[in-house]
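Data first, discussion second: the structure below is written as structure tokens.
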Amino acid sequence: MRVSSQSMGEADPGTNLWSTTAGETLAAAPLEGDVCADAVIVGGGFTGCSAALHLAEAGVGVRLLEAQSIGFGGSGRNVGLVNAGLWLPPEEVEQALGQAVGGRLNAALAAGPDLVFSLIDRLGIDCEAMRSGTLHCAHSQGGLDDLKDRLRQQLARGAPVELLDAEETAARTGTRIYRGALLDRRAGTIQPLAYCRGLARAARDAGAVLHEQTPVLSIARAGDGWRVATPGGSVSAGALLIAVNAYGRPMAGLTPPAYVPVHYFQIATRPLTDNLRRSVLPERQGCWDTAPVMSSFRLDAAGRLLIGAVGSLEGAGARWHRGWAARKLAALFPDLAGIDLEHAWCGRIAMTGDHLPKILRLGERSVSVFGYSGRGISPGTTFGKAVAAYLVDGDERALPCDPVDAHSERLAGVKQAYYEFGASLTHAVGER
Ligand SMILES: Cc1cc2nc3c(=O)[nH]c(=O)nc-3n(C[C@H](O)[C@H](O)[C@H](O)COP(=O)(O)OP(=O)(O)OC[C@H]3O[C@@H](n4cnc5c(N)ncnc54)[C@H](O)[C@@H]3O)c2cc1C
């Protein structure tokens, strides 16, 4: 097996598969000088770009400020599974938030893939979009029982989901290690960085002004609005969205969002031969499993197999994670044992204690949105659109869930160690 020696540090997005293959390109100049806008957005991921797009389409003058480049954060590093709903099953969402609010959030996120794929169509975003569903694969009998319960909950809400038996799962995935899988036909896969850049490009076409290499250094009240300062200038605006999720840099005047940071890595093979592609994920569903240390796998448009799991590729555990990935690939697909691994990269997920995203109220027409807990493609796009509507007139009923005045996370360091150390141990000793 040959593993690329490229460094996959977070400061070096050029080594990420998605930055190598993105069909969409985008470049925006840093902010220079002091300007005014109706709304200012901090962070150029799915949330910020979707909000910028929908604000601009509504005729609102908006500036988006991104510290690095569009899609630098989780939006340009993720697996690319466009899922419906959250990782948490809908009944648990309703238990946590109450029937009315939980039901509203579930309904909004059930329609998330429709929103994402319709934007891709309407805006002509070149992002390897593939809507053949996703497969949540049962690694054990307990996992299969969990999927049966998820099936019951989804069917009760009219979702087009189906539980596949072991044979059907093997035919769809090309591996026989699973006991079954939940097929969700609403879902699909994308090239996530290209999707994010496409949203940004469309936002700019609609009139939004974007700035890359523009870290926000401070945020302060100014009259009825805000003054957001950067190294080269400032934006004064009446409405504000902070959309930095797990990649926030310090901003004076703003308490950083509270979440548990969890690393997730991915490793991509060289493109599979046509012969292998006939049996490995022939319909290109995106997959993840029910194991306590979850893993994911999918193909990209060129036929590379991407495998991912919790863990960081920096520090002591990196060797274990890489070794595990090679063993897992061979366990899933014996024909891939020893295949060249061409890319490896990782990113940070913002987990919250209850696994629910948060909308933090900062003032009138001003919020911070974070905590997607590993499900941010459809939710980020959906929240960004909804926040855009809210920023126009301050009506909180536009939001998919109620904003809160404060959010804290207890024992964030301990929880991070639990997730990441647990994954390292599993990957060090586990065959797969
Ligand atoms: C490895 C990985 C795999 C994942 N897989 C999936 C998946 O398959 N499906 C799914 O739905 N979700 C997945 N997620 C989650 C999803 O990627 C995130 O929830 C989503 O990208 C969050 O988008 P965002 O716009 O809120 O934040 P981000 O995309 O993280 O963007 C935040 C941006 O804010 C910028 N920023 C920070 N501070 C400042 C500042 N002071 N000034 C200016 N800009 C600033 C950052 O540079 C960054 O670009 C995954 C996440 C990771 C990390």
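The values are calculated or read from the model by the stated rules, or taken from the named source; none is laboratory data. No experiment lies behind these values; they were computed from the predicted model shown. Heads up, the Cβs are rebuilt from the backbone with ideal geometry, glycines too, and the neighbour counts pull from every protein chain shown.
I'm checking my understanding of the structure. Among residues of region 246-260 that are surrounded by fewer than 18 Cβ atoms within 10 Å (Cβ to Cβ) and of a type outside the set (V, I, T), which one is nearest to the ligand (Cβ to nearest atom)?
Taking region 246-260 and keeping what is surrounded by fewer than 18 Cβ atoms within 10 Å (Cβ to Cβ), we get 249-250, 252-253, 255-256.
Those left that are additionally of a type outside the set (V, I, T): 249-250, 252-253, 256.
Values: R249: 4, P250: 7, A252: 10, G253: 11, P256: 9 Å.
Checking each candidate, the answer is R249.
Checking A159 against (1) within 15 Å of the ligand (Cβ to nearest atom); (2) out of contact with any Leu (no Cβ under 8 Å at 6 or more places or on another chain), which single condition isn't satisfied?
Condition not satisfied by A159: (1).
Within the bounds of region 387-396, is there any residue that is surrounded by 12 or more Cβ atoms within 10 Å (Cβ to Cβ) and either within 21 Å of the chain's Cα centre (by Cα) or at pLDDT below 80 (or both)?
Yes: region 387-396 contains one or more residues that are surrounded by 12 or more Cβ atoms within 10 Å (Cβ to Cβ) and either within 21 Å of the chain's Cα centre (by Cα) or at pLDDT below 80 (or both).
Mind listing just one residue for me: the one in region 82-109 that is within 30 Å of A206 (Cα to Cα) and surrounded by fewer than 22 Cβ atoms within 10 Å (Cβ to Cβ) and, of those, nearest to the chain's Cα centre (by Cα)?
So the residue we want is A108.
Where residues in region 230-240 are surrounded by fewer than 20 Cβ atoms within 10 Å (Cβ to Cβ) and within 15 Å of the ligand (Cβ to nearest atom), which of them is nearest to A350 (Cα to Cα)?
P231
Quick check on my filter: what residues within region 1-25 are surrounded by 20 or more Cβ atoms within 10 Å (Cβ to Cβ), at pLDDT 95 or above and part of a loop (DSSP other than H, G, I, E, B)?
N16, A22, E24, listed by residue number.
I'd like the full set of residues that are within 20 Å of W18 (Cα to Cα) and either out of contact with any strand residue (DSSP E or B) (no Cβ under 8 Å at 6 or more places or on another chain) or within 16 Å of the ligand (Cβ to nearest atom) (or both), limited to region 263-280.
H263, Y264, F265, Q266, I267, A268, P271
From the list G71, G48, G59, which residue is near the ligand (Cβ under 7 Å from one of its atoms) and part of a loop (DSSP other than H, G, I, E, B)?
Numbers: G48 fails: part of a loop (DSSP other than H, G, I, E, B); G59 fails: near the ligand (Cβ under 7 Å from one of its atoms).
Residue meeting the stated conditions: G71.
Hey, could you check region 351-386 for residues that are within 11 Å of the ligand (Cβ to nearest atom), outside any strand (DSSP E or B) and of a type in the set (V, I, T) and say which is farthest from R197 (Cα to Cα)?
In this case the residue turns out to be T382.
Can you tell me which condition L193 does not meet? The list is (1) in contact with a strand residue (DSSP E or B) (Cβ under 9 Å, 6 or more places away or on another chain); (2) surrounded by 24 or more Cβ atoms within 10 Å (Cβ to Cβ), and all the others hold.
(1)
Which residue, of A171, A243, A222, is within 16 Å of the ligand (Cβ to nearest atom) and hydrophobic (A, V, I, L, M, F, W, C)? If you could, list the steps in order and put the result at the bottom.
Values: A171 fails: within 16 Å of the ligand (Cβ to nearest atom); A222 fails: within 16 Å of the ligand (Cβ to nearest atom).
Answer to the selection: A243.
Taking the criterion of being within 21 Å of G45 (Cβ to Cβ) and more than 9 Å from the ligand (Cβ to nearest atom), would at least one residue in region 332-341 satisfy it? If you could, list the steps in order and put the result at the bottom.
Our first condition is that a residue be within 21 Å of G45 (Cβ to Cβ); within region 332-341, this holds for none.
No; the residues of region 332-341 include none that is within 21 Å of G45 (Cβ to Cβ) and more than 9 Å from the ligand (Cβ to nearest atom).
Helices (runs of 4 or more DSSP H) wholly in region 109-218 with at least 2 residues that are in contact (Cβ under 8 Å) with a residue 60 or more places away in the chain and closer than 29 Å to T230 by Cβ - which ones? Break it down into steps so the answer makes sense when it comes.
On the way: elements: 112-123, 141-156, 166-173, 192-205.
Of the helices (runs of 4 or more DSSP H) lying wholly inside region 109-218, those with at least 2 residues that are in contact (Cβ under 8 Å) with a residue 60 or more places away in the chain and closer than 29 Å to T230 by Cβ span 112-123, 192-205.
Just one of the numbered conditions (1) closer than 30 Å to V414 by Cα; (2) not in a loop (DSSP other than H, G, I, E, B) is not true of G238; which one?
Failed condition: (1).
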